[in-house]
Amino acid sequence: MAGSTLASPIASPQVRAAQRKHVSPWREAWRRFRRHRLAVASVVILGLMVLLVVIGPLVWQVPINEIDFSAKLQGPSWQHPLGTDDLGQDLLARMLYGGRISLAVGLAAMLVAIVVGVVVGAVAGISRGSVDAALMWLTDLFLSLPQLPLLLLIIYLFRDQLKDVAGPEIGMFILIVIVIGGFRWMPVARLVRAQFFSLREKEFVEAARALGASTPRLVIRHILPNALGPVIVAGTIDVAAAIIAESTLSFLGLGFPPDIPTWGRILFDAKDNIDFAPHWVLAPGVAIFLAVLTINFIGDGLRDALDPRKVM
Amino acid sequence: MAHYLARRLIIAIPSLLGISIVLFTVLALAPGDPFEELASNPAVPPEVRASLRAQFGLDDPIYARYLHWLLAMLQGDWGFSFASRVNTDTLILQRLPTTLFVIGSAQVLALIIALPVGVYAATRPYSVFDQIANTLAFVGFSLPTFFTGLLFILVFSIYLDWLPFVYSDVTATGWRWYWEHIRQALMPIAVLGLFQGASMTRYVRSSVLDMIRLDHVTTARSKGLAEGTVVVKHVVRNAMIPVVTLVALQMPIVFGGAIVTEQIFRIPGIGSLLISAILANDTPVIMAVTFVFACLVILFNLIADVLYGWLDPRIAYR
C-alpha cells in the first residue's frame, strides 16, 4: 500500500479491515484442515510412504527377482530388512516396487471414477426430464451390480486380449484401472447431480444466464467449481477404495501376474506360508492398511475443510 | 404395506433384467471358448465339435442366445457345470446356505457392535469415548478383510491354537457337531462383522447426532421422559432411516468381503465356488453365481424397503 494515494483518510481503516478479513478459500480450507490432527499426521505418513516408493528403488538397488534358495523364508536381517520369500527374493525391494503400482492404480482408478462421475452427474443435473431419469436409472443399476464378482469376471475374460495388445504390465494396469474406476463413479455422479440441483437455482447462476452465458459456460465456469468440494472428498476416499480393490483382485490371484509384485500379490503369495513366515504376510498387509487408513483420515480432514454441509 | 411391497417388487424386475443383460453382454463379448478343451483333443473330430456347438446354441446370434438363456433361467433350468458335471442349480443350492449363514451372522454382529457404540458416542459427542470409538472405526474399515482374515489366523489358530485354521468336514455327531461348526465359523463371521460394524458405527453416530438436536427430542425431554426413553423411542428409531439406506448401499461391498473370506477360510460357499469356476473357465456356473449375487443384492434392498416402511410408516402410504 506504500505508494498508493487514498481517496480519503477516513477510508483507510475500512480498507485495511476489509483486507484483513479477505482470506482466500484455499487458505480458509487449510486452516480448517489443520485442526484435524490425525489428518495432518496422515499427510506426513502418506507423504513419507510415497517418497519411499518413489525414491526407495533408486537407493535400495536390490533386484526384485533375484532368486537365492540359500536365503529363503528368512526373517528380517541387515541384508534383507524385511526378510525374504520362498524363492529367497528380497521383500523390501519387492514392497517398494509393488507400492509404486498399488498407489498408481489407486490414483488412476480414482481419476477414471471422478471423470465419469462428474460427466454423468453434470449432464443429469443440468438436463431435466428423460435424460436425467435415464442416467439415474443407469447409476442405480450400476449401484446394485455385484461389483467384485463382475470385476473378477471381466478381468478373467479380457486379460489375455489386452496382454497381447499392450504387454503384460501395461495391459493389466489399464484393464484394472478402467474396471475399478468403472465400478466406482456412481456415488460421485449422485453427489454432483445433487449439487447441480441446488446450485442451478442460485442467484449467481441466474445472473450469469441473464448475461447471456451459454449452458456449457454456465456449467464449467459457474456451477462445477462450486460443486467441487464434496467431489474432492469423494475422490480422496476413492483412492483408498481402489487400492483395496486392486489388492483384493491380486489377493484372489486374478490381478497382476506373479512377476509384478503389487502389495496384494505379495500377500497372495505369502498366505500359504503364514505359519512359518509371518513377516512375509505382515509387511504388505501393514503397507496396505497404512496407505488406506491415512488416505481415509485425509479424506475426513478434507471433509471438515471443504464440505461445509458435513453430510457424514 | 402389502401394496407398497408389491410396488417395490415390480420396480426390482427391470433392474434384474438390466443386470442380466449386462452380465450376458460381458460374457458374449469375451474371448475364450468352452469347447477349447475339445478342440485341442485329437480324438474328437471337427464335425462332432460343430454339432456340439450347434446343440448348445453357441453359433446363434447374441440376442437369440440371450432370450434362450433368459427363458431357461425362468424355467429353473440353470445349465450344466462344464467342470464338475453337475446341474448348476444343485451346486449353488448346496452352497448357498453356508454363505447366507456367514453373511447373516456377520450383519447381526455388526449391528450388535454398531448400535450401542454409535448411539453412546453420539450422545456424548467429542468425549474421550467418542474419539476412541471414532478412531477405532476408521481403523476397522481401513483394514481390508483379506488382511484381517490372515491376522486372525495368525493369532487365533497359529499362536494361540484356539480355533481351526480353515473349514473342514465335521465328523462329530450330536451337540459336538454344532459346536465344531460354530468354532470354524467364528473367525470368518468376526472378520466380516467387524469390517461392516466399523462403517455402520460411523453411520449410526452421525445419524443420531443429526437427530438429537431436533425439536421433538427437546420436547420429549421437557415432558420429563427418562433419558433412556428419549434416546430409544424418539432418537434411535428415526435415526435408523438413513442408516438403513447406507447399509443397503453397502451390500455389494459386503458380498465382495464374503467372497474374500470364503477364499481365505476355504468356506464351501458360493463365493469360493465362483473363484474356482472362474479358474476352470466354467461359464454356466460363473454366470449363475454372479446372477445369484445380483439377486441377493436386490433382495437385501427389498428388506431395506420393508424396514423403511416399518421405521417410517409415511413412506408406505405415499
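Taking a ≥ b ≥ c as the square roots of the eigenvalues of the Cα gyration tensor, the range B:189-268 is prolate, since a/c reaches 1.5 or more and a/b is larger than b/c. Interface burial in the range B:134-155, defined as at least 40 Å² less accessible area with all protein chains than with the chain alone at a 1.4 Å probe, covers B:PHE138, B:SER142, B:PRO144, B:PHE146, B:PHE147, B:LEU150, B:LEU154. Judged by the ratio a/c of the largest to the smallest principal axis of the C-alpha gyration tensor, the protein assembly as shown counts as rounded, that ratio being less than 1.5.
Within the accessible surface of the range B:96-311, defined with a 1.4 Å probe on protein heavy atoms only, the carbon and sulfur portion equals 69 percent.
The slack in the chain from A:TRP26 to A:SER127, taken as 0.36 nm per residue of separation less the alpha-carbon distance, amounts to 33.3 nm. Given a 1.4 Å probe and the protein chains as shown, B:TRP179 ends up with an accessible area of around 130 Å². Between A:LEU107 and A:ARG34, the simple label model (points 7 Å from Cα in the Cβ direction) yields a spacing of 2.6 nm.
With the Cα gyration tensor of chain A giving a ≥ b ≥ c as the square roots of its eigenvalues, does the rule (a/c under 1.5 for rounded; else a/b larger than b/c for prolate; else oblate) give rounded, prolate or oblate? Oblate. Given +1 at the Cβ of Lys and Arg, -1 at the Cβ of Asp and Glu and no other charges, the dipole of the protein assembly as shown around its Cα centre is 3260 debye to the nearest 20.
Net charge dipole, the range B:96-311: roughly 620 debye, given to the nearest 20, about the Cα centre with Cβ charges of +1 for Lys and Arg and -1 for Asp and Glu. In this calculation the C-beta distance from A:VAL43 to B:VAL155 is compared with R0 = 25 Å, giving a FRET efficiency of 0.20.
Chains B and A together bury roughly 4200 Å² of accessible surface, counting both sides and using a 1.4 Å probe on protein heavy atoms.
Figure note: B:ILE13, B:ILE298 ranked by solvent-accessible area, largest first, 1.4 Å probe, ligands and nucleic acids not counted: B:ILE13, B:ILE298.
Compared with the alpha-carbon gap, the fully stretched path from B:TRP162 to B:SER276 is longer by 38.1 nm at 0.36 nm per residue.
Other protein chain C-beta atoms within 10 Å of residue C-beta, averaged over A:243-254: 4.
With a Förster radius of 22 Å applied to the C-beta separation of A:ASP259 and A:VAL54, the computed FRET efficiency comes to 0.55.
Accessible-area rank, largest first, for B:THR201, A:THR215: A:THR215, B:THR201, with all protein chains present and a 1.4 angstrom probe. Ranking A:LEU157, A:VAL179, A:TRP26 by Cα position along the charge dipole of chain A, where only Lys, Arg, Asp and Glu carry charges on their C-beta atoms, puts A:TRP26 farthest toward the positive end. For the set A:ARG221, A:ARG94, B:ARG205, the ranking by accessible area, highest first and with no ligand, DNA or RNA atoms included, is A:ARG221, B:ARG205, A:ARG94 under a 1.4 Å probe.
Between A:GLU206 and B:ILE13, the FRET efficiency estimated from the beta carbon spacing at R0 = 35 angstrom works out to 0.25. Karplus-derived 3J(HN,Hα) values for the range A:217-224, using 6.51 cos²θ - 1.76 cosθ + 1.60 with θ = phi - 60°, are 5, 4, 5, 6, 8, 10, 8, 4 Hz; glycine and proline are entered as x. Compactness of the range B:96-311 is given as radius of gyration and Dmax, 19.9, 66 Å, from Cα positions. Measuring with a 1.4 angstrom probe and ignoring ligands and nucleic acids, A:GLU169 comes out at about 80 Å² accessible. Count the lysine pairs in the protein assembly as shown whose Cα atoms lie under 30 Å apart, taking only pairs 8 or more positions apart in sequence or on different chains. Within the protein assembly as shown, the lysine pair count is 7.
The slack between B:THR25 and B:ILE182, meaning 0.36 nm per residue of separation minus the straight C-alpha distance, is 52.4 nm. Mind giving me the nanometre distance, one decimal, between the label points for B:TRP175 and B:ARG266, set 7 Å out from Cα along Cα→Cβ? Output for this residue pair reads 2.9 nm. Estimated at the nearest 10 Å², the accessible area of B:HIS3 is 140 Å² with a 1.4 Å probe. Taking label positions 7 Å along the Cα-Cβ direction at both B:ALA72 and B:LEU100, the computed distance is 2.5 nm, reported to one decimal.
The values are calculated or read from the model by the stated rules, or taken from the named source; none is laboratory data. What you see is a predicted model, and the numbers here were worked out from it, not measured in a lab. For neighbour counting, all protein chains shown are included, and Cβ atoms are generated from backbone atoms with ideal geometry for every residue, glycine included. Surface areas here come from the heavy atoms of the whole protein model, side chains and all, with no ligands, DNA or RNA. Shrake-Rupley method; radii C 1.70, N 1.55, O 1.52, S 1.80 Å.
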